[in-house]
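First the structure, in the form of structure tokens, and then the observations on it.
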Amino acid sequence: MNEKTSASKDQTTAGAATKALVVGPYPTRARPSESGAGQGAERDPVARLAEAVGLAEAIDLDIVGEIGVSLHDVRPATYLGKGKVEEIAETVKAAEVELVTMDCQLSPVQQRNLEKAFGAKVIDRTGLILEIFGRRARTKEGALQVELAHLAYQKSRLVRSWTHLERQRGGFGFLGGPGETQIETDRRLIEERMARIERDLDQVKRTRGLHRKKRREVPYPVVALVGYTNAGKSTLFNRLTKAGVLAEDMLFATLDPTLRQIRLPHGAKILLSDTVGFISDLPTMLISAFRATLEEVTLADVILHVRDVSHPDWEAQAADVESILGELGLSGEAGTRILEVWNKIDALDADRLAALRIAARGRKGADRPSLVSALTGEGLDALLERIETRLAEGRIRLEVELDPADGAGIAWLHAHTEVLDRQTLADGRARLVVRVAPERFDGVTRRYPQAEVRAEASSRRRAR
């Protein structure tokens, strides 16, 4: 009997069998979302509640019900009105709910009061996202970033919301000075741990910088996938790279960034990067904690904004992603590196797909999206050609003639340039057509002063 009880407790702790109720309190009039990222109130309440349920399911909660609430005013004490709190409390009691997830950002006081009223644990949207990230982090870097964000969240909660924080410590050794309150001790310990993690992440940042420097020495452009969570980035990544990255129909299936090398249609190699998905009201502390990872996005040569066109709220999702990219400095001129990819066209009916194709053709040049299905592969060849065309903009073509015995020279060109074509001349010499970024042009011409610039047309002139 005791063993059974213990096993049940372990299962509940893991979250696998925890009975949960999802509550979506959404304002009836338009106002900015709590985090300032995107316009949360402009989103469809039904789609928002479905997303909230998806978040809860991402940590294997047993969802026993979902309740949408039309919110006229936020109550300082309980967020919800008194009548709605009592109604939800009855549902919690009847269904023996252990956890209530509130799809909003609660103050510590609101969280405490709701827990008292419901007689169950209450977690808000930020806490739920942090819990998901904590479970999904697989690398040391990812775990550090999640812990940093979680500590920042905990620190914001230390406002005497719990009675154990109101007692005083006596000041025994390193546990605290004379008369230091428990809340002060907790805050100090959290700040010390955060400082240690930030030092570790600084080291991660320096290591990433070294890796990027090495990559710059080899002419492999970086193409980064970004988009709303569950937009199909990992499925697209797997289709293009033949990798085995986790790709499931769940929110935040990917957390740790992944890099793979692929070849474009004309043989040029690129590094494709899969990154964590974005979401509306993404906690600010998560954006800050993952800044080292997101630098891979900000420094990418091309950014593919993957959008799920089958989702009813896909326009609002795009606005949320664009808002976060703006926070990362990817707006204005930097935003010209972004190509839109309209994914999941396989999930559309014929009329909807035809309408989207017309809408896509109505956009000009670089603003025109690529319509693809990462699941079936439709449209991916055209997408790769667009990536190749975009990367070629501003790059310089050179023609180099080498002695066929100069194996080292030919290998150097393959390692440091994009070799587009190779021909053997009548006298046995090798003629290579290569493409280089402007910043590598001088290095190539110093090594091969005989190199000639090759224009897109047939005319050529000697490089100077």
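Side notes on the structure shown:
Results for (1) of a type outside the set (Ser, Thr, Tyr); (2) modelled with pLDDT of 95 or more; (3) outside any loop (DSSP other than H, G, I, E, B), shown as yes or no for each residue.
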position: Ala89; (1), (2), (3): yes, yes, yes
position: Val92; (1), (2), (3): yes, yes, yes
position: Gln111; (1), (2), (3): yes, no, yes
position: Leu114; (1), (2), (3): yes, yes, yes
position: Thr126; (1), (2), (3): no, no, yes
position: Leu130; (1), (2), (3): yes, no, yes
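- Segment 362-407: number of residues that are closer than 19 Å to Val222 by Cα and in a helix (DSSP H, G or I): 14
- Screening the candidates Leu158, Leu189, Leu144 for the property of being under 30 Å from Gly54 (Cα atoms) and either at pLDDT 80 or above or in contact with a strand residue (DSSP E or B) (Cβ under 6 Å, 6 or more places away or on another chain) (or both) yields one hit, Leu144.
- Some residue of segment 340-361 being at pLDDT below 90, more than 13 Å from the chain's Cα centre (by Cα) and surrounded by fewer than 22 Cβ atoms within 10 Å (Cβ to Cβ): no
- Set Ala89, Ala94: member being of a type in the set (Gly, Ala, Ser), farther than 30 Å from Asp308 by Cβ, out of contact with any Asp or Glu (no Cβ under 6 Å at 6 or more places or on another chain) and buried (at least 17 other Cβ atoms within 10 Å of the Cβ): Ala89
- The set of residues in segment 390-433 that are without any contact (Cβ under 8 Å) to a residue 60 or more places away in the chain, among the β-branched types (Val, Ile, Thr) and closer than 29 Å to Ala300 by Cβ comprises Ile396, Val400, Val433.
- Whether a residue is touching a strand residue (DSSP E or B) at 6+ places or on another chain (Cβ under 6 Å), surrounded by 19 or more Cβ atoms within 10 Å (Cβ to Cβ) and at pLDDT 75 or above was assessed, and Val122 passes this test.
The values are calculated or read from the model by the stated rules, or taken from the named source; none is laboratory data. No experiment lies behind these values; they were computed from the predicted model shown. Backbone-built Cβ (ideal geometry, glycine too); neighbour counts: all protein chains shown.
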